[in-house]
Every structure is written in C-alpha cells, then in structure tokens.
Amino acid sequence: YGGKGEAHDRELVAHQVENTILRFTKDTVIVHITADTDVIAQRMKDDPHENGIISEGDIDRVKARFGEIISWSLLGNKITVDNSGDISDTMAQFVTKVEPFLTDTDRSRIVAHSMMSGS
C-alpha cells in the first residue's frame, strides 16, 4: 500500500477495510502484542530472520508506530498483551484481557470445545 496521499494510501485502505468489518460485526478485537525493547533486541540476536527488515535501532520507532496505528483504528475493542515474558505469561494476559469481549456464542464454543476435548 502507498504512503500518505499516494495511490492506495495505506491509512485510507485500512479504514476502508475496518468499515467493512464493522458492517458485519462490532465484536472484533484487535490484539496488540508488544514486548520490552531490550527483549525484542535479544530475540532478534538469538533468532535472526534471514531477510530481517529492521535493525535494533528501529525497534522503538516501530513499536511507537504500531501503537499509533492501534490507537487510530476504527475498531473499538482493543487489548495490549506484553510478550516480554514466557508464553504462559503471555497467554494468561491474553485470556484475562480478552474475556470481557467474548460473546455468548464465543463462550458456548469454548464450553463445547472443552467438552469435546475432555478438558
């Protein structure tokens, strides 16, 4: 997508997509996953991507921009999950934060799934 004022302006397109989503449901939840800058830097060093596109010096700028885009979104249900710790901490945060946004249908599906899986 293009830059501001260019053909296919990514911000304009994003709002068009979000307006389409909102025509079908108001229940969508944006999950903004973030982590401490030093944790991201260490993960980049420990497991570098072959074609990585950001450097350690870009981390704070990228995090700030993602935060701006999340705030700017037309979708109203938003949560932020800190992924600085281990996966169990991340999942516990997610479960706690998403719970208020679950619909009755979501809750029924969770119950049905847990009954089918025996948990």
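The values are calculated or read from the model by the stated rules, or taken from the named source; none is laboratory data. Please read these numbers as outputs of a predicted model, since none were measured by experiment. Quick reminder, even Gly has a Cβ in these numbers, built from the backbone with ideal geometry, and neighbours come from all protein chains shown. Surface areas here come from the heavy atoms of the whole protein model, side chains and all, with no ligands, DNA or RNA. Shrake-Rupley method; radii C 1.70, N 1.55, O 1.52, S 1.80 Å.
Brief remarks follow.
- Test: residue in the range 45-60 that is more than 16 Å from the chain's Cα centre (by Cα), modelled with pLDDT of 95 or more, surrounded by 13 or more Cβ atoms within 10 Å (Cβ to Cβ) and of a type in the set (Gly, Ala, Ser): no
- Among the residues of the range 16-44, the ones that are under 23 Å from Met91 (Cβ atoms) and either at pLDDT below 95 or among the hydroxyl-bearing types (Ser, Thr, Tyr) (or both) come to 4 in all.
- Complete set of residues in the range 3-39 that are open to solvent by 60 Å² or more (accessible area, probe 1.4 Å), of a type in the set (D, E, K, R) and either in contact with a Cys (Cβ under 8 Å, 6 or more places away or on another chain) or within 30 Å of Leu102 (Cα to Cα) (or both): Arg10, Arg23, Lys26, Asp27, Asp36
- Residue within the range 9-30 that is under 30 Å from Gly85 (Cβ atoms), without any contact (Cβ under 8 Å) to a residue 12 or more places away in the chain and of a type in the set (S, T, N, Q) present: no
- Test: Ser73 is farther than 15 Å from Ile30 by Cα, touching a strand residue (DSSP E or B) at 6+ places or on another chain (Cβ under 9 Å) and either open to solvent by 90 Å² or more (accessible area, probe 1.4 Å) or in contact (Cβ under 8 Å) with a residue 12 or more places away in the chain (or both): no
- Search result, residues across the range 81-119 that are open to solvent by 80 Å² or more (accessible area, probe 1.4 Å) and touching a residue at least 12 places away in the same chain (Cβ under 8 Å): Lys97
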